[in-house]
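Please read the structure below before turning to the comments.
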Amino acid sequence: MELEKVLERFPKEQTYLIEILLDYQKSKPTQHLTENELKEVANYLDVPESHVFSVVSFYSFFSMEPRGKYIIQYCRDVPCHISDLINVKETLETLLDIKTGETTEDQLFTLEYSSCLGQCDGAPAIRINDKIYRNLTKNKLQMVLAEYRGDHHA
Amino acid sequence: MLEKKLITKHIGVIDPKSIFEYLRLDGYKQAERMFDMSRMDIHDAFETSKLRGRGGAGFPVSIKLMAMAKESTQPKYIICNADEGEPGNFKDRYLMENNPHIIIEGMIIAAYATGASKGYIYIRGEYDKSIDVMKEALQQARQKRFLGENIFNKRFDFDIEIRRGAGSYVCGEEFALLESIEGKAGRTRVKPPFPTSKGLFGKPTLINNVETFATLPTILEIGGEAFAKIGTPSSTGTKLISLSGNVKNKGVFEVPFGVPMRTIINELGGGPLEGRKIKMIQLGGACGPVIPEYMLDMVIDFDRFEEFESKTGAGAIIVMDDRQDIFDVLKRVSDFFQHESCGKCTPCREGNLHMLKTLHKFFEKTATEKDLSLLETQARVIHQTSLCGLGQTAPTAVISSLHYFRFSFLKRIEDRLEEANYAEN
């Protein structure tokens, strides 16, 4: 989606800055924001560019580096960790053949760490874009990844 | 019956996506009835109920409501804090996904009681489903004219907007949350002034937790006095408990205050896993104390929790069995705060980093007695000098562990000495 189209949906008020950035970033296959786009948003809301940059660098959802089509977030906080019998982090790193923070060569997946996802009753859990997967086993992880890979080829 | 369902009574009975089913069970009836009550009577009900905030700190709700009602500046704002990011807590998600209208009804009641015209629900960005369910529920409420202009055909306007978080735990702290809604980085403000006098956009603002708003309709329904009879004298009503970790049944349970934690873990949680023993629990979430098994007879009560000088009242119980290493747990907790510190004040930004380094030494069995006293100092300084609740409660797990599990720290130091001796010989 073009940035203009996203901007049109919001009043020109600073209070909508985070909403605008979230919606626009989500619409891009690379799930990232560029310097020029931030300038355009700053212009639209009539706030200093530095302000938009400060917001983007503060919130962990925003990235200025291109990322994969699917962002996989795993939790490493206590409730997930103590229920984690497969080591979700290492399993994902092995299955995807990347380290946390990296993107697969086919630009399909980026692996990220997230603070607690609030799914402690289904621990261990991950979030892929806007979907949650709970009570993970190695088998389940493999199946979920296969699904996303299939979706991509379709 | 251990569970007492006041605000979760609809769950499992109604389809959360249908306002009609909520209405069928007398939903929105209290909001409608309230317009025929005097504001004084409404405030009396909340005051006699002795309701305390459910977000963790347990501040008396009627004091905030009254302070906000007295402000003459307009507009005034109502904010529902749904930035539930404390590890081990998921009860607000449970409520939003399964009973969204009770939260909206509670916000309408708070708005009328305080004369606010605009509301926000600030939901953490990770809660995609909660955001969808709440959006849909708001739309339905608007169609029914429970939100918007002249709601319930009375001369009162009130509407609610959703704002999403973008992956920042500190935004659950009330001033950081305000900054975030204003379109800024979530860095706390120096207080006073408090939000009820100068909050969102500098206007009077009432901020409460999801569960707190969801409790307001029940108080009007059964009356403040009847509500105050539930629970304990200092903590009235019911509490949603997020039970997680090494137990058979994890989940959210609504219980009256005053129930011992051991009863919750064994009867609702089904106890520890087969062949395992409970070693410790963390109470309230990452910001809460780690306490040993023998203290599980302690009851759920704000006043009882106060000794930990932490915001433990949100109701999380993370159960850890005999396989868990306390230093691994502390390292993860400390890592969490180091990652989520907003960076504004030095004790939190730098202190958590250094505390994590010291904890790492204990984890790696390279710590000395000097590290033990260093850790104590670091924890105390962060607790006493940080600007907001995040920093002040970041070392709670460490401080409590130093007290209840001191032998574990000493054992690690001894282990290092033994290994060193062995290497020498």
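The values are calculated or read from the model by the stated rules, or taken from the named source; none is laboratory data. Everything numeric in this text was worked out from a predicted model, so none of it was measured. Because the Cβ atoms are built from the backbone with ideal geometry, glycine has one as well, and the counts that use them run over all protein chains shown.
Do we have any residue at all in the stretch B:78-94 that's surrounded by fewer than 23 Cβ atoms within 10 Å (Cβ to Cβ) and out of contact with any strand residue (DSSP E or B) (no Cβ under 6 Å at 6 or more places or on another chain)? The answer is no, given that none of the residues of the stretch B:78-94 is surrounded by fewer than 23 Cβ atoms within 10 Å (Cβ to Cβ) and out of contact with any strand residue (DSSP E or B) (no Cβ under 6 Å at 6 or more places or on another chain). Note on the stretch B:132-150: residues that are assigned to a helix (DSSP H, G or I) and out of contact with any Gly (no Cβ under 8 Å at 6 or more places or on another chain) total 11. Restricted to the stretch B:256-326, the set of strands (runs of 3 or more DSSP E) holding at least 2 residues that are assigned by TED's automatic domain parsing to the domain that holds B:F363 and touching a Phe, Trp or Tyr at 6+ places or on another chain (Cβ under 9 Å) is empty.
Can you find a residue that is among the small types (G, A, S) and within 30 Å of A:I72 (Cα to Cα) anywhere in the stretch B:248-262? Yes: one or more hits. Annotation note: of B:S373, B:S334, the sole residue that is within 12 Å of chain A (Cβ to nearest Cβ) and small (G, A, S) is B:S334. Assessment of the stretch B:336-344 against the conditions (crowded, with 20+ Cβ neighbours inside 10 Å and of a type in the set (D, E)) yields at least one matching residue.
Residue pairs whose Cβ atoms lie under 6 Å apart, sitting 6 or more positions apart in sequence or on different chains, and linking a residue in the stretch B:176-199 that is more than 7 Å from chain A (Cβ to nearest Cβ) and under 22 Å from B:G115 (Cβ atoms) to a partner that is of a type in the set (K, R) and buried (at least 19 other Cβ atoms within 10 Å of the Cβ), are B:T196/B:K64. Among the residues making up the stretch B:180-216, those that are part of a helix (DSSP H, G or I) and crowded, with 21+ Cβ neighbours inside 10 Å are B:S180, B:I181, B:L200, B:V210, B:E211, B:T212, B:F213, B:A214, B:T215, B:L216. Select from the stretch A:54-80 the residues that are facing chain B (nearest Cβ under 7 Å) and among the aliphatic types (A, V, I, L, M) and write down the one among them that is farthest from A:D106 (Cα to Cα). Filtering the stretch A:54-80 for residues that are facing chain B (nearest Cβ under 7 Å) and among the aliphatic types (A, V, I, L, M), the one farthest from A:D106 (Cα to Cα) comes out as A:V78.
Residue by residue, here is whether (1) aliphatic (A, V, I, L, M); (2) within 25 Å of B:D301 (Cβ to Cβ) holds:
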residue	(1), (2)
B:E32	no, no
B:D36	no, no
B:R54	no, yes
B:V61	yes, yes
B:A69	yes, no
B:K76	no, no
B:I104	yes, no
B:M107	yes, no
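Restricted to the stretch B:95-130, and to residues that are assigned to a helix (DSSP H, G or I) and among the β-branched types (V, I, T), which residue is farthest from the other protein chains (Cβ to nearest Cβ)? It comes out as B:I109.
Annotation note: of B:E350, B:E309, the sole residue that is of a type in the set (D, E, K, R), within 20 Å of the chain's Cα centre (by Cα), surrounded by fewer than 23 Cβ atoms within 10 Å (Cβ to Cβ) and over 27 Å from B:A420 (Cβ atoms) is B:E309.
Considering the stretch B:220-241, and only residues there that are assigned to a helix (DSSP H, G or I) and of a type outside the set (A, V, I, L, M), the residue that is farthest from B:I109 (Cα to Cα) turns out to be B:E225. Number of residues in the stretch B:217-253 that are under 23 Å from B:L25 (Cα atoms) and either surrounded by 24 or more Cβ atoms within 10 Å (Cβ to Cβ) or within 14 Å of chain A (Cβ to nearest Cβ) (or both): the value is 10. Filtered by the rule that a residue be surrounded by fewer than 17 Cβ atoms within 10 Å (Cβ to Cβ) and either under 20 Å from the mean Cα position of the chain (by Cα) or outside any helix (DSSP H, G or I) (or both), the stretch B:353-388 gives B:E364, B:K365, B:T366, B:T368. If a residue must be at positive phi and among the hydroxyl-bearing types (S, T, Y), how many such residues does the stretch B:1-51 contain? So the count comes out to 1.
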